[in-house]
Amino acid sequence: QVCFIAIKTLSLIEQLQTEAQINIVLKPTHLPPLPSYILSLCEFPLDYMSQRFYMSEGIVIAMGTVTKYTQGARFLCSEETCPFSEGFKYIRVHIPGATESATVRNDFVCCLCASPLREDMKFRVLGDKQLVEMIDAKALSAFQGYSNNKPHFRIQSFTVFLRDELSNKMKIGNRYRFIGIPTCIQNCSQVTVCIEVNSLQLCSPEGTSCISDGFKYLLSLTSSSYWRFTAILANIFACQVVPPGTYNTLKLSILLSLVQTCDRDNEAANYLDLLIVQNVDICSFPLIYIVCLVARGIQHPRSSDIFPIVSKDKHGTGTASIQASSAVLAKGGICFIGDLLSHKKDKLELLQSVLESRTTTVFIPGKKYGEDVDQQVILPIQTSFWSFVDEDSSSKKYVQKDNVPLGKQDLRSISANLIDAFGLLVHCNELSCQLALPLLEHIMKKAIDPEQVLYTISQQFRTQDYEEFIVFAKNLQVELSSEAERLVHGYYLASRRVRTDSIHGSKLSTSALKILVSLAEAHAKLSLRRKVLEEDALIAILLFESSLTLKHGASVFCVAPNAVFPYDLSDENSLQRRDGYLMQCHQQLLQFIATYGPGTHVTNSEE
Ligand SMILES: [Zn+2]
């Protein structure tokens, strides 16, 4: 009324005749941060009757295509003698939460003469609308392994309406804070709660600005060496689930992968994907625990799809809706897909292409979803993948050949390109070495009393401390020093030369350099340094060379089976010994580069 009077008095719109022609859409950008304005999607009861603004948050799990809706329509009385057969008495506009049939329908009647109303089609105003499904961020915990033994969980999602200029403003997998009006929609036999969004903003990831005192103290204690801090970090990591000192190489690789996750929309991030080769099914056990350390750590449930799929919209419109799936839900985090060989061949091919391109393409057939043309939607996959294969299951099927190169794992059941697509191959052979005993003891004790605190170190470095540490470390901006760059390049070129055969060309994939840089960067971040040093590059190279050895066997640059952790880290002495060993490795590496690197004559080692 106020707006109408103002517009009329000031003669702002000449054609304006009645109040019904005014449609006011409120777009509040903020609401008071008080509990009564906050709508939590996971708390009941929800207020969807009062038709007022609430502030809420959620993660987009499905997204429909943009379709049209009627913003407003003009109706006239069909009885020619009736005064309402002209003029602007019957203007119907969309109000939040209303369905299309509330605005346009063919059974409206004139309030004066009860004749049916007919729509004046040339006055119809159309707008864009998009249906988006969201879940509360807390619901993600269902994918984190806690409820893995309950396969039939159902996640309650909420439908969110984005209209007009808000269409296409949300991206699948992202988390948003929005202001909107909750309403209840009756759809056939189902009643659904929907939220009509009026404004939205992307939730910025929460970054912690500090690390726990325990880590600070550890950092000061180990400042004499560039390798000790991360060694101890890996040594005691996850001691809630595995005894300290076991799985050190795996735990270091995991930490490196964790600090290379990126929750900002950064398409140039250097992801570190891990493929773990294990000799006993024990390795997935700590992984489930570790996946929960990052906010977007998703354990892929076997029954669902890893990558986005298209399905029919649930609201009866028949339009296409893209479902997020595990890989997109894990945006900015980790997607743990379990046993690699448990996935079908076509899924593995898709996985390989995603690992290589970091995108996936969703095809929407127009015919099936009521559109004139087919559509292809390219979605970025900003996730690091972890998977494992059993050493036995992959090699038992084949008779072990005698001429398998030293150190090479027989993984013939997986395509070489897929293995290459994973940045790093890590071998877990804990049960076949002297570390088996503490591990078995740990499992026995945990079986007797799951709550028992087995190591005092787990109280000094709690799970939560590691969570904060990872958030802090991954947000560090690091810079590659020229020395580190030279070392990585030198190793890469030399390694390409020695791992070339006349039939297949070089065994080093083109992505190797990127992976090496990513590993070195990650090691610098994990050491809380902003500059990537030669020492970081050395660890990266040792891990990478071990991975190459698993794939293709040893090369001239021969590394020990446990190249990064050759000794138990029980005391100061062993750390000292490890430092000495790593310095020796550095010398060997320089020698290797000098012999086979750029600018040297190619000599074939077999000659
Ligand atoms: Zn009438």
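Of these, T18, T29, which one is closer than 25 Å to Q201 by Cβ and of a type in the set (V, I, T)?
Exactly one residue qualifies, and that residue is T29.
For first residues located in the stretch 211-227 and under 16 Å from A524 (Cβ atoms), partners that are among the hydroxyl-bearing types (S, T, Y) and lie 6+ apart or on another chain with Cβ distances below 8 Å form the pairs Y226/S527. Annotation: of all residues in the stretch 87-122 being polar (S, T, N, Q) and touching a strand residue (DSSP E or B) at 6+ places or on another chain (Cβ under 7 Å), the one that is nearest to Y48 (Cα to Cα) is T99. Is it the case, given these coordinates, that Q400 is modelled with pLDDT of 60 or more and not basic (K, R)? When the stated conditions are applied, Q400 does not pass them. Counting the residues of the stretch 46-81 that are assigned to a strand (DSSP E or B) and either among the polar types (S, T, N, Q) or within 15 Å of the ligand (Cβ to nearest atom) (or both) gives 8.
Applying the criterion of being surrounded by fewer than 17 Cβ atoms within 10 Å (Cβ to Cβ) and touching a residue at least 24 places away in the same chain (Cβ under 8 Å) to the residues of the stretch 555-575, the residue that is farthest from R228 (Cα to Cα) is V556. Residues that are free of Cβ contacts under 8 Å to residues at least 60 places away in the same chain and under 21 Å from the mean Cα position of the chain (by Cα) within the stretch 157-186 comprise just one, K169. For the stretch 87-110, taking the residues that are surrounded by 15 or more Cβ atoms within 10 Å (Cβ to Cβ) and either at pLDDT 90 or above or more than 24 Å from V197 (Cα to Cα) (or both), the one that is farthest from the ligand (Cβ to nearest atom) is identified as F88.
Does F84 satisfy the condition of being within 16 Å of the ligand (Cβ to nearest atom) and touching a strand residue (DSSP E or B) at 6+ places or on another chain (Cβ under 6 Å)?
yes
Look at (1) of a type in the set (D, E, K, R); (2) more than 25 Å from A139 (Cβ to Cβ); (3) surrounded by 21 or more Cβ atoms within 10 Å (Cβ to Cβ) and you find that D346 fails only one, number (3).
The values are calculated or read from the model by the stated rules, or taken from the named source; none is laboratory data. Because the structure is predicted, anything quoted here is derived from the model rather than measured. Cβ: placed from backbone, ideal geometry, glycine included. Neighbour counts: every protein chain shown.
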